[in-house]
Amino acid sequence: MIDESITPEDGTPRDDVLAAELSLGLLKGDELAQATRRARIDQTFAGLVEDWDVHFSTLTEEIAPVAPPKGLFKKIKADAYPESPKRIWKNLRIVPAFLCAGAAALTLLVALHLGGYMQTNPVTPTSVARLVAQDNSLVVAAAYVGGSGQLFVERQVGASAQGRSLELWVIAGDAAPVSLGILAIDETIDEIIVPENLQDQMVGATLAISDEPFGGSPTGAPTGAVLAAGEITTL
């Protein structure tokens, strides 16, 4: 436990030192937890932390800003994610997904063929779909491999709302929607195995994405708003 009665040798009150350390992010473990909790309930101590925040922020006021070199962010991304499918698409100068109906599916196909996603088992999609929200806030591409039942899905634009999930559904003819699972929250490509009884009905079927509680619909049917939908068409 921190002894707040201790005064350092330079005469600075312990609370002031502790507040400065918290402001600078120097505390760890129990000390950090205790100081953070105290700053929430002790107005005097919280005031000290705020004063140090202001003080430290003024130390950089006389430093002239320096713009990063052009292309630095792209270089960092390239070094951090050298095998990113999105990087491959950009290197090939492929049209962005939201500019034309086939581009989203095309970039997904390029990722599957050139991105090393399935190096040991190359895939050849036979059908594609593009699911787009009316305001273009959500763009999802899908590529289906007839015969194997593999469905590759990538969220290219947009994300789920905080604490919510994006759930993918397939609607074959007049049948009720069948859940194919929750979309990944990151930028990975989802690989879904379509149930055998639906594999022969995929071409011409509709894929749809609904906004659901975190983890998916609790009822087995869409409960939230349908955000985007698109028909599966042959290549």
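Stretched out fully, how many nm does the piece from Phe214 to Asp186 gain, at 0.36 nm a residue minus the Cα gap?
On the way: separation 28, 0.36 × 28 = 10.08 nm, distance 1.48 nm.
This chain segment gains 8.6 nm when fully extended.
Beta carbons within 10 angstrom, averaged per residue: use that to sort the peptides 147-156, 59-68, 173-182, highest first.
Details: 147-156: 19.9, 59-68: 6.4, 173-182: 14.0.
Highest mean packing first, the order is 147-156, 173-182, 59-68.
Calculate the length of the line joining the C-alpha centroid of the range 20-61 to that of the range 182-199, in whole Å.
One Cα centre to the other: 46 Å.
Taking the alpha-carbon set of the range 146-235, what are its Rg and Dmax in Å?
Cα-based Rg and Dmax for the range 146-235 come out at 12.7, 37 Å.
Taken together, the values in this text are just the output of simple stated rules run on the coordinates, not laboratory data. Everything numeric here is computed off the predicted structure, so don't read it as measured data. Glycine also receives a Cβ, built like all others from the backbone with ideal geometry; neighbour counts cover every protein chain displayed.
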